[in-house]
Amino acid sequence: MTSPSNVTGPPPLGAAPEQERLPAEISGPEERQSSENRPDLPHRLPVLPVRDVVIFNYTILPLFVGREASVLAVEAALNRSRYLLILTQKDEQVEKPGSDDLHKVGTVVMILRMLKLPDGRLKLLVQGVSRARALALIEEKSYLEAEIFALREPEEFPSGVELEAMMRAAREQSERILSLRGMASPDISNVLASIDHPGRLADLIASNLRLKLAEAQNILECFDPVQRLKIVNEHLAKEAEVAFMQAQIQESAREGMDKAQREYYLREQLKAIRKELGENAGSEDGDADELTSALDKAKLPPEVRKEADKQLRRLAAMHMESSEAGVLRSYLELLADLPWSKLSRDRLDIKKAKKILDEDHCGMDKIKDRILEFLSIRKLNPRSKSPILCLVGPPGVGKTSLGRSIARSLGRKFQRMSLGGMRDEAEIRGHRRTYVGALPGRIIQAVKQAGTRNPVMMLDEIDKIGSDFRGDPSSALLEVLDPEQNNAFSDHYLMVPFDLSRTMFICTANHLDTIPAPLLDRLEILRLPGYTLQEKLDIARRYLVPRQARENGLKKGDLVLEEDALPRLIDNYTREAGVRGLEREIGAICRKLARKKAEGEKPPFAVSAERLHTLLGIARFQEEDMDAAPLPGLVLGLAWTPHGGEVLHVEVSTMAGKGKVALTGQLGEVMKESAQAAISYARSHAGDLGIDPGFHADLDIHVHVPAGATPKDGPSAGVTMAAALVSALRRKPVRRDLCMTGEITLRGRVLPVGGIKEKILAAVARGLTDVIIPRRNMKDLEEIPQDLLSRINVHPVDSLEEVFRLAFSEFPPARERKGGRGKSLPDPSAAARENIPPSRRRKGPPCAPPPA
């Protein structure tokens, strides 16, 4: 069988004829055989289905056969009489056609030549012999055979004026079509004139017309030669009209091109005349001279200048009003505007740079030290490469403003580019100039706007880049943010290398999980934790209050914030790692006071902690009541979020049941596993903990972590869940001023976790006095200011045993416990028995409660 791409049909009428040449060494019968000497056809022939071609009588056609069943049919024909019945498929998409998928009328062909191709396909040269109808289709050895009835055309037919007119019309229309397409030939006219049989003339013309498959099959199934010629004449008339319109369109386009060429030659002659007269050669030469002068001033690298000169020569040979000339002019203007050799002079005064950084931002000592280190290295080695920094921290801590401050301290230009939501790779690399409206990428545009080759370029929100069918921008950034590659950055619009190695890139992100690993590997991570209360107070007094007062029309001295107002504002109206929400609340206060001033009240306006309720409404956050009686099963934990630290309430409740465990509060898989680990530890150490060893069979346990609408996950709540579980089972409460964090194992070890600084900040902000952390996290306390650590007691632990001794005032010391690790006491304590229904309590003398 043949596939659509494997079938080569006859050239359409008017197309350049190509003679199919097969190797001379392949033998075969004579390529042409007259109908007079044609032997009788067999009554049963192999069938070759074809997809998109209809073969007519006496037509010689090359075919490519690729399907297995078709190859078998060809081999069967070669082993017999070399005759095949070719039937056209009704649906081209059918891969294995059956009898219902083929037309019943086809053409018997003789295989003239056959060539086996290296890929297993067969190349055939066939000649149509006779129309035939398939009376029955039989499947024979994986291919089809047909019982056929050959349809012989009459050699003699009644002549008449009408028939002669139809034959002449067919010849004249064919010659007219060839003439309109510029392909008229005396040889073709002689061939048409030599055919005096209407059926053969109709078949010859139909095989070369551009007919649809259904139209060609309709002609093939028309057995009356005169009627068939009439149908072909109708198609010829339609084809002649199409050819006439096509010729008119081509003539119109040719005239437009001739007019443009004529104008070009006249303009060139006008230039020459003006040059001889000593007059201005025109605006085109003026533009070219301006571009050449601008390119000279830009001091392009040699390879870039070579490309620019090449494009200048192309521009000079073009019509200045053509669209391509406009594209080239824009390209050359961009080359001239880019700062190929312009560099900002770095401010290498380390002390002055430190002073600028301290003026703009409070704290952030680690990042300030890194910038000063870079300046020191640049002072000692001017050719050093710029670092690729990534500032990671919660929203509102000043990542973007820090980039501006870094640029000011270095004395460089600052450019910011937001990457949030970017999905098109062309935003980074630009579009190729072949596209309409092509532009360079935003990196090149930012460098052009800066006017220097070494600006501070901030890539904001790099963790929020997307990707779709237009490409992956994060992959394009791999070259931009690699110091080993960005010295020859290739923009698709420029198509010449541009050196970005002197540009200082600063990226910002809220978290690193969504940044691809290859891109993350190129970044130097600098973390910005949340601000402490003292830092927020300093920022508010030095920056936020003056700025909001100025923006809301208040003069200096109109607003007086009393000493207790800002701490109350921070604690009761904002709970965030940054200061963005704090600035909004200060702005709301300024707006209220601005209205009072506009209504005629005289400043200054004093704002105390008590007036906050009047100005801002009810406090959004309430302080924890540390004096309230603690409850069994309620423990405070600590969590890290992209917005800073949070205090979690972990609640465990037990009730009579059959050992079911319920975990609620939108807990993630890791958090659920921590709860299961806590239950397993309690079961295996029940004796040591003073609880009933069989609690898992007698009690149902419900673990809940408010707020239920907020998803939560992570291993750091393991110690909190274990403490809450033991508290509920022992009916002993945990101190309300104590919080904890850490991952647990089944053996009771407490493993280190992340975000210690943010968690302790949250604990201090909530007024908690003690915090339990893993001992291996003690190194993280170096990042916490001493004034903050002085407000909370930090207890490092290695095991859950130490956690319980700190959480429960009655928990027995290790030397006083009767059982060892993993050994249960002989009987549950009285406190644990209170949780068990009387009918299910174990019999035997109760154990004395563990000593205090």
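Highest mean first, how do 549-558, 138-147, 447-456, 497-506 rank when packing is the count of other Cβ atoms within 10 Å averaged over residues?
Ranking the peptides 549-558, 138-147, 447-456, 497-506 by packing returns 497-506, 447-456, 138-147, 549-558.
Where does helix 399-410 land angle-wise versus the long Cα axis of the chain, in degrees 0 to 90, nearest 10?
So the helix axis and the longest Cα principal axis differ by about 90 degrees.
Using amide H atoms built 1.01 Å from N in the peptide plane, name the residues 5+ places from residue 113, or on other chains, whose amide H lies under 5 Å from its own.
125
What is the distance, in nm, between label points placed 7 Å from the Cα along the Cα-to-Cβ direction at residue 262 and at residue 400?
Distance between label points: 6.0 nm.
Sort the following peptides by mean Cβ neighbour count (other Cβ atoms within 10 Å, averaged over residues), highest first: 762-771, 339-348.
Descending mean neighbour count gives 762-771, 339-348.
Report, to the nearest 10°, how far helix 198-208 tilts away from the longest principal axis of the Cα atoms in the chain, using its own Cα long axis and a range of 0 to 90°.
The angle comes out at about 30 degrees.
Given H placed on each backbone N at 1.01 Å, which residues far from residue 507 in sequence or on other chains put an amide H within less than 5 Å of it?
Counting only residues 5 or more places away or on other chains, the set is 389, 390, 391, 459.
Can you give the % of DSSP beta bridges in the chain that are antiparallel, to the nearest 5?
Just about 55 percent of them are antiparallel.
Got a sec to turn the phi values of segment 105-117 into Karplus ³J(HN,Hα) couplings, 6.51 cos²θ - 1.76 cosθ + 1.60 with θ = phi - 60°, whole Hz, x for Gly and Pro?
These are the phi-based 3J(HN,Hα) values: 9, x, 10, 7, 10, 10, 7, 7, 9, 9, 9, 8, 8 Hz.
Note down the nm distance, to one decimal, between modelled labels 7 Å out along Cα→Cβ at residue 513 and at residue 616.
So the two model labels end up 3.0 nm from each other.
Evaluate the distance, in nm, between pseudo-label points positioned 7 Å from the Cα of residue 91 and of residue 464 along their respective Cα→Cβ axes.
Distance between the two pseudo-spin positions: 5.0 nm.
With all protein chains present, calculate the accessible area of residue 223 using a 1.4 Å probe and round the result to the nearest 10 Å².
80 Å²
Efficiency by 1/(1 + (r/R0)^6): what FRET value for residue 136 and residue 191, r their Cβ-Cβ distance, R0 = 51 Å, to the nearest 0.05?
With R0 = 51 Å, the Cβ-Cβ based efficiency is 0.85.
Skip the ligands, DNA and RNA, and give the accessible area per residue of segment 384-478 with a 1.4 Å probe, whole Å².
Averaged over the residues of segment 384-478, the accessible area is 38 Å².
How high is the relative contact order of the chain, given as a whole-number percent (alpha carbon pairs under 8 Å, six or more residues apart)?
Averaging sequence separation for qualifying contacts and normalising by length gives 7 percent for the chain.
Could you list, in their original order, any pairs among 366/779; 413/556; 310/385; 464/712 whose Cα atoms are separated by more than 23 Å?
Flagged as over cut-off: 413/556; 310/385.
Scan around residue 701 for amide H atoms under 5 Å from its own, H built in the peptide plane at 1.01 Å from N, and keep only partners 5 or more places away or cross-chain.
Placed amide hydrogens put 660, 661, 662 under 5 Å from residue 701.
With a probe of 1.4 Å, find how much accessible area segment 647-724 has per residue, and write the answer as a whole number in Å².
Computed with neighbouring chains in place, this is 37 Å² per residue.
Rounded to the nearest 0.05, what FRET efficiency is calculated for residue 793 and residue 343 with R0 set to 51 Å and r the Cβ-Cβ distance?
The computed FRET efficiency comes out at 0.40.
Mind checking the angle between helix 756-765 and the chain's longest principal axis? C-alpha axes, 0 to 90 degrees, to the nearest 10.
Around 50 degrees separate the two axes.
Can you work out ³J(HN,Hα) from phi for every residue in segment 373-380, in order, using Karplus 6.51 cos²θ - 1.76 cosθ + 1.60 and θ = phi - 60°, giving whole Hz and x for Gly and Pro?
After applying 6.51 cos²θ - 1.76 cosθ + 1.60, I find 5, 4, 5, 5, 5, 5, 5, 7 Hz.
Aspartates and glutamates near residue 592 by alpha-carbon distance under 16 Å, same-chain residues fewer than 8 away left out - which ones?
Residue 592 reaches 551, 558, 583, 601, 610.
Using a 1.4 angstrom probe on heavy atoms only, work out the carbon and sulfur share of the accessible area of the chain in %.
Ligands and nucleic acids excluded, carbon and sulfur give 50 percent.
Calculate the FRET efficiency for residue 333 and residue 499 from the Cβ-Cβ distance with a Förster distance of 22 Å, rounded to the nearest 0.05.
With R0 = 22 Å, the Cβ-Cβ based efficiency is 0.65.
Taking only protein heavy atoms into account and a 1.4 Å probe, give the accessible area per residue of segment 495-576 in Å².
47 Å²
Spelling out what I want: for every residue of segment 85-95, take phi, set θ = phi - 60°, compute 6.51 cos²θ - 1.76 cosθ + 1.60 (Karplus), and round to whole Hz; glycine and proline get x.
Each residue of segment 85-95 in turn: 9, 9, 10, 8, 6, 6, 10, 5, 7, 6, 7 Hz.
The values are calculated or read from the model by the stated rules, or taken from the named source; none is laboratory data. These numbers come from a predicted model, not from an experiment. Cβ atoms come from the backbone with ideal geometry, glycine included; neighbour counts cover every protein chain shown. Heavy atoms of the whole protein, side chains included, go into the accessibility calculation; ligands, DNA and RNA do not. Shrake-Rupley method; radii C 1.70, N 1.55, O 1.52, S 1.80 Å.
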